[in-house]
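Working notes for the structure below.
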Amino acid sequence: MTPFARLSLVASLLAACAPLPVSGLFSDVPAAGDADAPTGLDAPAPTDTSFPIDAAVTDVVALVDAPAVTDAPAVTDAPPVVDVPPVVDVPPVVDVPPVVDVPPVVDVPPVVVPTPVSQVSASRAHTCARLPSGEVRCWGANDYGQLGDGTTVARSRPTPVSGLVGAAEVSGGREFSCARLASGGARCWGRNQYGQLGDGADSGSLTPTTVSGLSGAAEVAAGDYHACARGADGSLRCWGYNAVGAIGDGTINARPTPTLVSLLADAAQVDLGNVTSCARRAGGTVVCWGGNDYGQVGDGSLTQRNAPVAVTGLTGVTSLAVSLSSACAARSDGTVWCWGRNEYGQLGDGTITSRSTPVRVAGLDGVASVSGGGGHFCARMTDATLRCWGRNSSGQLGDGTNGTRRSPTVVPGLGGVAEVTLGDAHTCARLHSGELRCWGDNEFGQLGDGTATNRRVPTTVVF
């Protein structure tokens, strides 16, 4: 049915009803044109006489035409839509190798940092070193207390000398040791059967004892059985064994305290052997005295000398070394000259013939200093390398062999040498870095590496 048809039907239904007259319905409303009607409210007369469609009718039409309302489900709160990241390509899973057993971490030994050494001295079977602090440490044989630690126990590593402070220099004798103090005095310890400790007694000491009446010392040297101190004024005083004139005072009397050496007032260096003493004079010549069985006094004879005599033909000397029964001197021209005992080729002239006057060491030039031991010598070169010759029974020449050398052989792999010192059958070198290395005989631990194993090449001293 069309909307117009529905309206006609509704109009017919309304017309069939008996409505009240319109006038009756609006009897209270004044008629148009009535004098009592308020002005300004005139409305045009209706031209359409048909009954207007009431709003209620429209509502009825809406009710008739509207479809029935069905129950709708309640709207529930929906979660907000979130942005979903795009799916990326995932690489394929590769095979992971199985975990292998990792070996446990082992303890790594600490790096040994060498203790810096200022000066070193080797003797028959022990060695002593002075540290920058003025402390002295010794190691090796100790049967007479020559290590100065208050015991007679041998040490294979450096041990401090008891109660010794302010040391300016240390020197090792055969079975005793001495230290020069910064104050100018000296102290010695160890064996003392000949008065070599200089304290006026003949009993040994396991710790340092003061050398009697000594002052102003600029250098100290210990030999096998006697010792000497050079004064800053060039004088020389010695004490200890004097049976063959090693004290140099013109006698063979025992001297348990320092005694002035005769005829010597300009000593620049002193060094001692078994029963022989030598001094380098300020002018570059050398004098020696004492035992002379092998010509070690160097005056062309085998005669014992109780006072200093000049070594024949030797001038321009810059460094002096006395061994067991022989001696060597380095000259300003870089050559080395030796004299005395030569059974191991320690004179370096290519022979084993003893000499009572100096002979030149073969093939050796550019020498800065020379040092002597029991039956061998070493020269420190101007390039800070080392060459040694003579006896080599325990590897003391440092060339990796035990073969005797009648002429100098290079100590391989050793450079930066600042000082070298020799014992009876071992050798030690102090490097410019302060590190100390030793080699040769190690029966009593005199190499200081913590063992008693002989070494044919340099090994580091472990402090």
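The values are calculated or read from the model by the stated rules, or taken from the named source; none is laboratory data. Just so you know, these numbers come straight off a predicted model, no measurement behind them. As a convention, Cβ positions derive from the backbone with ideal geometry for all residues, glycine included, and neighbour counts pool all protein chains shown. The area values use the complete protein model at the heavy-atom level, side chains included, leaving out ligands, DNA and RNA. Shrake-Rupley method; radii C 1.70, N 1.55, O 1.52, S 1.80 Å.
Data overview
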read-out	value
Segment 159-278, accessible area per residue, ligands and nucleic acids excluded (1.4 Å, Å²)	33 Å²
Sulfur and carbon atoms: percent of accessible area, segment 130-232 [1.4 Å]	44 percent
Those chymotrypsin sites (Phe, Trp or Tyr not before Pro) in segment 358-458 that DSSP places in a loop and that have at most 10 other beta carbons within 10 Å	none
Theoretical FRET efficiency, 1/(1+(r/R0)^6), r = Cβ-Cβ of Asp383 and Thr451, R0 45 Å, to 0.05	0.90
Whole-percent carbon and sulfur share, accessible surface of segment 237-385, 1.4 Å	49 percent
With every protein chain in place, segment 404-449: carbon and sulfur % of accessible area (1.4 Å)	40 percent
Karplus-derived 3J(HN,Hα), 6.51/-1.76/1.60, for each residue of segment 292-308, Hz, glycine and proline x	9, 4, 10, x, 6, 6, x, 9, x, 10, 10, 8, 4, 10, 8, 9, x
Where segment 317-385 is the region considered: accessible area per residue in Å², 1.4 Å probe	30 Å²
Val117, Val410, Val309, reordered so the largest accessible area comes first (probe 1.4 Å)	Val410, Val309, Val117
